[in-house]
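To start, the structure under review is shown below, and the notes come after it.
Nothing in this text is a laboratory measurement; each read-out follows from the coordinates by a stated rule. The shown structure was predicted, so the numbers you read here are calculated from the model rather than taken from an experiment. Please note: Cβ atoms are built from the backbone with ideal geometry, for glycine as well, and neighbour counts cover all protein chains shown.
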Amino acid sequence: MGHCRVKVHLRLRPSCRPSTAIHVDHAAHTIRIDVLKQHGGGPPKPYNDQMVFPFDSIIQSSCQEAVFEQCARQVVEDVLGGYNGTILTYGQTGSGKTFTMTGDTKAYAHRGIVPRAVERIFAEKVAKPEAGITVHVSYLEVYNEGIYDLLPQRRLASAVNLVAMEDNGLIEIKGLNKMHVNTEEEAMKYFFEGERHRSVAPHALNQMSSRSHCVFTMFVERHSGLRTLQEVTSSKLNLVDLAGSERLKRTEVGGTTKKEAMLINKSLSFLEQAVFALRQGLGHVPFRQSRLTTLLKDALGGNCKTVLIVCAWAEDFFLDETISALRFAQRVKYLKTSAVINKKADAANTQRRYVREISELKQELALRDALTGRPSISYDELTEETRSALRERIQAFLAEEAGIDSIPIENFKQVKELFCLFKEAQVSLRGELEKLLRDYGGGPDTFLNHSQHDVDINPGSEEADDEECVGELDKEGFHVGPVAPDNARPDLPTSPHAMLRAIRSPGLKYGEDTLLDYNKAPPAVAPPPNLWELDEDTRNEAFSEFKHTTDEGRTQDHELRTKTAELRLRKQTARELCTTVNDAKLEIANIKKVLDEQSKQSARVEFNNQGFDEQKYHLMQRFREARSAYQRGAQEFKEVKTDLELLQQEVRDCKQKLLESFFRWFEVKTQYKGDLQRLMTPLSPARIASPIGGPKP
Ligand SMILES: Nc1ncnc2c1ncn2[C@@H]1O[C@H](COP(=O)(O)OP(=O)(O)O)[C@@H](O)[C@H]1O
Ligand SMILES: [Mg+2]
């Protein structure tokens with residue numbers, strides 16, 4: 001990107017009363033205003049020094065052609081070379097801006113910059129047909145702070161106020177008609193059509209004074225012309241004829257024309273402010289203050305080569321306006337723009353190049369495959385058969401029926417297809433999961449809370465831990481094990497203990513069976529009263545003797561032990577099932593948490609759903625497994641629980657039977673042998689009436 005200074009030229013309008021204060025040095029391209037001299041006719045001048053204003057060139061008494069050559073030619077050539085260009089005419093009203101830009105229709109030689117630029121561009125188009133130059137033209141005016149199309153396609157009752165917008169760093173007028181023109185005549189036809197629509201009004205200084213700023217634009221597209229280069233340059237030439245600043249007293253206008261003049265002055269003042277800000281290097285340049293500055297943004301500091309032609313009336317009467325215009329020109333003179341050649345790709349040529357490149361690459365691939373012994377690989381579009389074969393392999397892989405090696409990876413097209421098929425599988429699984437969640441009322445939590453699966457399982461519960469053994473406590477109140485407090489039992493003599501220990505059967509291990517007691521509910525059969533006359537150890541000894549020495553006791557004890565062992569096993573199974581089901585429950589809850597988290601993340605970030613979400617897929621698999629484990633476990637637990645209840649009842653029955661038999665045996669034994677009674681100290685009635693911790697016999 002090259003920075004280039006805005007070129008500023010001065011054109012002095014020929015006058016029959018030239019100012020003696022104005023001195024032009026054509027060699028040095030400067031104009032000096034000698035303000036010390038007194039001038040007749042004009043107001044008193046406050047200036048007290050000579051002022052020298054340098055320009056790129058000063059045109060005085062030159063023909064229109066010379067003006068074009070000196071000021072405009074280079075910009076037009078640059079536009080043909082792909083740069084954007086702007087030529088502006090600036091100055092007080094009647095100073096010759098329109099004459100410079102448009103020219104005079106009275107003589108062909110008086111034609112201005114616009115027709116000459118049009119002529120040059122079409123001359124190039126004709127001279128270089130291989131460049132395929134295409135031209136479009138537009139014509140607009142900024143009138144009373146509105147932008148209007150001077151080439152409307154339809155005559156509208158009220159003109160449409162257009163909007164200037166910045167597009168890709170360049171100012172664009174939305175809705176402005178751009179006419180495609182093939183010839184110079186066609187372009188000029190549109191130009192004159194626009195001229196007819198321009199707002200003009202007569203006043204004291206100009207019979208055809210422009211009441212608006214006008215911009216005629218030529219859009220030029222040019223191909224490189226070389227087959228090897230596929231570039232197209234796209235540039236535009238803005239030819240701007242500004243409305244002139246007016247001293248209302250001098251133009252002697254009123255009404256609408258006065259209002260127009262005020263708005264013109266205002267917009268020119270904004271232009272000066274923008275130029276001032278640019279010249280001072282201020283951070284903010286108020287381009288948006290007016291339509292004119294918005295339109296000229298590129299020309300004053302953007303991607304554009306710009307030329308300003310300041311028109312001045314070199315008479316003493318207009319010295320103030322002239323000095324003011326010269327000052328403005330000096331500020332503009334130091335502005336820099338950054339013009340670049342506007343290239344864009346030629347779609348047709350690019351397509352041709354790609355087709356050629358693809359064909360070359362295909363040949364390259366075929367050669368490489370032949371050399372590496374894979375001549376059968378196809379790079380064409382996959383057929384429906386290939387696609388369904390791949391789908392089957394993916395399904396087998398996902399079902400863990402086949403390994404990753406079963407999925408062929410031969411070329412990029414196939415890999416892309418595999419991704420699509422994985423995505424398809426993922427979508428299907430997601431649908432399945434969502435259906436599942438819907439069926440269970442919204443989510444894994446609801447699923448878990450569903451009544452039909454709701455099993456209150458807790459391995460640490462009282463029931464699960466309440467392991468019953470022979471002679472231990474059962475729930476019916478047959479309490480075996482803990483000893484009743486000392487103060488709650490009868491005060492039995494100690495001597496029978498020794499007696500019973502002495503008569504106990506050989507081989508009977510003392511303490512193998514725990515103490516029988518009646519702390520809770522009574523057994524169905526009342527124990528013999530004399531059993532209570534014995535102390536606890538003695539009673540246990542007697543019970544043990546019954547169980548180990550009598551057939552009936554042995555059988556019943558064995559039966560009880562078998563049932564108890566069975567019960568214990570079932571309880572163990574139930575405990576394991578509890579763990580399984582609770583693990584599954586926990587797993588489902590965890591998966592739910594992760595899925596929720598993922599959904600939240602998806603909501604926050606635009607998640608790219610095009611890719612296969614492997615993690616989600618595994619989560620769903622785990623969810624399915626956990627759900628199956630939960631359902632299976634819950635069902636089994638139900639069955640085991642029923643078994644447990646039956647077994648518990650059977651154990652209770654066995655215990656009952658054993659106790660009844662023991663009581664009978666004890667009664668018979670003590671009745672016929674009588675030695676126990678004899679050994680015992682007779683009990684007081686009070687003691688017999690208050691047995692330990694249970695119902696009185
Ligand atoms: N350099 C010039 N040579 C001859 N006639 C000129 C020149 N400059 C301006 N004029 C004439 O002066 C009149 C006003 O000029 P114009 O270009 O319309 O002024 P404005 O600056 O307001 O656009 C026109 O009739 C035009 O022909
Ligand atoms: Mg004009």
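Assorted remarks:
- Pairs from the list Lys7/Lys259; Lys563/Lys638; Lys435/Lys571; Lys416/Lys600; Lys416/Lys593 with a Cα-Cα gap above 26 Å: Lys7/Lys259; Lys435/Lys571; Lys416/Lys600; Lys416/Lys593.
- Partners for Lys413 among lysines (Cα-Cα distance below 28 Å; same-chain residues under 8 apart left out): Lys362, Lys423, Lys616
- Share, in percent, of DSSP beta bridges within the stretch 2-345 that are antiparallel, nearest 5: 70
- Burial order of peptide ranges 280-286, 559-565, 528-534, 88-94 (average beta-carbon count within 10 Å, highest first): 88-94, 528-534, 559-565, 280-286
- Per-peptide average of other Cβ atoms within 10 Å, ordering 656-669, 135-148 highest first: 135-148, 656-669
- Evaluating kT/(6 pi eta Rh) at 10 °C and 1.306 mPa s, with the Kirkwood radius of the stretch 67-146 over Cα pairs in the Stokes-Einstein relation, gives 112 µm² s⁻¹.
- Ordering of 543-551, 236-244 by burial proxy (mean other Cβ atoms within 10 Å per residue, highest first): 236-244, 543-551
- Summed over all non-identical Cα pairs, the Kirkwood treatment of the stretch 2-345 gives a radius of 20.6 Å.
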